[in-house]
Amino acid sequence: MKPAEVKKLSNDDLKGEATRLRRELFDLRCQLTTEKVADNSRIGKTRKDLARVLTEQNSRKGANSKVVSAAGGKK
């Protein structure tokens, strides 16, 4: 998954994608212990995709909190 694809996803889609990637990573790790992984590079690719999704989620949280803080006004 490319960064541009991640940025196009909605917040709910990001959450679902993160859950899916975590499950896939878990399954790959289980397959690795039983030596049934066909392609070892999938583990690294899945980890990077998960990192992209989580980074986008955190950047959106930061952007939302800045907007809320700015809208709060000064004392």
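Compute the long axis of helix 41-71 from its Cα atoms, compare it with the longest principal axis of the Cα atoms of the chain, and write down the angle in degrees, 0 to 90, nearest 10. With rounding to tens, the tilt is 10 degrees.
Counting only alpha carbon atoms, the long axis of helix 11-33 and the longest principal axis of the chain meet at about 30°.
Counting pairs of Cα atoms in the chain, how many percent are more than 17 Å apart? Mind dumping the intermediate values first?
Values: 1488 of 2775 pairs.
Distances greater than 17 Å cover 54 percent of the Cα pairs.
Where a number appears in this text, it was derived from the coordinates with a stated rule and is not lab data. Only a predicted model underlies this, so the values are computations on that prediction, with no experimental measurement involved.
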